[in-house]
Amino acid sequence: MAFELLLEIAIAYAKEVREQDKGLPILWVSSKFQRRVTIKISMFRSLIITCMCLIASVSFAQENTLFDHDDDIERWLKSNNVPTLGLGIIKQGQLQQIRVFGEFEPGKSAPYNTIFNVASLAKPVTAMVALKLVSAGKWNLNEPLFNYWTDPDVAQDSRSKLLTTRHVLSHQSGFPNWRYMNESNKLDFKFSPGEQYHYSGEGMEYLRKALENKFDKTLNELANELIFVPLAMTDTQFVFNSSIDSSRVIQGYDNQGKAYETHQHQSANAADDLLTTIEDYGRFLVSVLNGGGLSAEVYKDMNSHQVASTKGKHFGLGFEIYDFEQGDYALSHGGADRGVQTIVFIFPKTKDGLLIFTNVDDGYKVYETLLLHYLGKKGQQIMQIEMSE
């Protein structure tokens, strides 16, 4: 209700200004992430953001009771057409709550250990595999990947000899997100590695092939050795194999409630399609908050601004960084795919965190309420950042 009220106020002001200057573009509304509103007239931008913060505080108090009763949450999910919601709450460096709501399939409640495809939440895991190897002195952040792998599509491009793990983990590889987005369906450099930010799954896959060639192990084997087994992440794999209980892998849905077919992929993708539970990924994030088994130098690098990304944010190594007041910050990553919307936030200074998993195309529409409830003021600040131009 609070957001709709804010929107009505904004439109009313916009209409008034339009009468005064009919030539100006007034308002653009996007449903992406958290229904962000951007007012194209500077005199209204600060007004709307200020109103948003005030109304969010009222909205938080009103919606806080929603989370007192599981039945209310179930009804709220149904009203938003979200089949299943997984939540993980981290406090003071410990996974304190694991909550899964909704249905696994029609008429059957989702168990707490539901296995989700979390899409791009695979990327932080791949990053930690590489950073653990760096910390152990077995891999070098700044060594050209050319020494271990060169994709045939870029073999004749001299820029392939410049690409490093640091470039990949901070999304400065120069590659498109995916090669199929090119008309040629071939990989190419859009700019030289290290020149600027551009989010890329291809970069992560390039790193995977270099790691696998160097260590003569698959990414899934490396992840099991370095992360999954030590952290007892028994329901997490990059591939469908005997370790995955397929009877607990939940289907994804489109925004009309139609189920997508579950593809049981047999090869690892460093950037996508990780299978995991709230409990397992929560353990992973707790490990990251507690240093991740990394050397002090590498951990500091991981948390440091490597490149400006979007909306005043930055990428570190494997995570995007949100900067808040008084030097506080969050590490974050999201995942989006067919029937997948997921996002996580962790706060290294307080060792708190929040995991949100959904299994529907537009699951992002419940983020706003969850961020406000579980993160409070920091949730409001995240919303402000995402609303900014």
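The values are calculated or read from the model by the stated rules, or taken from the named source; none is laboratory data. A quick note: this is a predicted structure, and the numbers were derived from the prediction, not measured. Cβ: placed from backbone, ideal geometry, glycine included. Neighbour counts: every protein chain shown.
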*Which numbered condition F345 misses (of (1) among the hydrophobic types (A, V, I, L, M, F, W, C); (2) under 16 Å from L95 (Cβ atoms); (3) modelled with pLDDT under 95)*: (3)
*Please give the number of the condition P193 fails out of (1) surrounded by fewer than 20 Cβ atoms within 10 Å (Cβ to Cβ); (2) in contact (Cβ under 8 Å) with a residue 12 or more places away in the chain; (3) of a type outside the set (S, T, Y); (4) over 30 Å from S109 (Cβ atoms).*
(1)
*asked:* Testing G203 on (1) in contact with a helix residue (DSSP H, G or I) (Cβ under 6 Å, 6 or more places away or on another chain); (2) among the small types (G, A, S); (3) crowded, with 20+ Cβ neighbours inside 10 Å; (4) more than 18 Å from F238 (Cβ to Cβ), one condition comes back false. Which one is that?
replied: (4)
*If you take the residues of the stretch 324-338 that are loosely packed, with under 14 Cβ neighbours inside 10 Å and free of Cβ contacts under 8 Å to residues at least 40 places away in the same chain, which of them is farthest from N303 (Cα to Cα)?*
Q326
_The one condition in (1) on the phi > 0 side of the Ramachandran plot; (2) free of Cβ contacts under 8 Å to residues at least 24 places away in the same chain that M181 fails to fulfil_ = (1)
*Within the stretch 173-204, how many residues are charged (D, E, K, R) and under 17 Å from the mean Cα position of the chain (by Cα)?*
1
*Subset of the stretch 259-300 [aromatic (F, W, Y) and over 18 Å from T342 (Cβ atoms)]*: Y299
*Limited to the stretch 261-312, what total is found for residues that are among the charged types (D, E, K, R), on the phi < 0 side of the Ramachandran plot and surrounded by fewer than 19 Cβ atoms within 10 Å (Cβ to Cβ)?*
3
*asked:* Take F175 and tell me if it is buried (at least 20 other Cβ atoms within 10 Å of the Cβ) and without any contact (Cβ under 8 Å) to a residue 60 or more places away in the chain.
replied: yes
_Filtered residues of the stretch 256-298 (kept if out of contact with any helix residue (DSSP H, G or I) (no Cβ under 8 Å at 6 or more places or on another chain), within 29 Å of N142 (Cα to Cα) and part of a loop (DSSP other than H, G, I, E, B))_ = S267, N290
*asked:* Tell me the residue from I356, I343 that is surrounded by 20 or more Cβ atoms within 10 Å (Cβ to Cβ) and free of Cβ contacts under 8 Å to residues at least 40 places away in the same chain, please.
replied: I343
*Pairs only if they're at least six apart or on different chains, beta carbon under 8 angstrom, first in the stretch 151-169 and closer than 29 Å to Y299 by Cα, second in a loop (DSSP other than H, G, I, E, B) and hydroxyl-bearing (S, T, Y); list them, first residue then second.*
R159/S192; S160/T150; L162/S192; L163/S173; H167/S173; V168/S200
*State whether the residues of the stretch 235-246 include one that is closer than 18 Å to G335 by Cα and either part of a helix (DSSP H, G or I) or at pLDDT below 95 (or both).*
no
_For the stretch 72-111, which positions are among the hydroxyl-bearing types (S, T, Y) and more than 23 Å from the chain's Cα centre (by Cα)?_
S79, S109
*Selected residue [farther than 28 Å from S332 by Cβ and either touching a strand residue (DSSP E or B) at 6+ places or on another chain (Cβ under 6 Å) or buried (at least 19 other Cβ atoms within 10 Å of the Cβ) (or both)] from K186, K214, K161*: K161
*Got at least one residue in the stretch 161-172 being more than 21 Å from the chain's Cα centre (by Cα), part of a loop (DSSP other than H, G, I, E, B) and at pLDDT 95 or above?*
yes
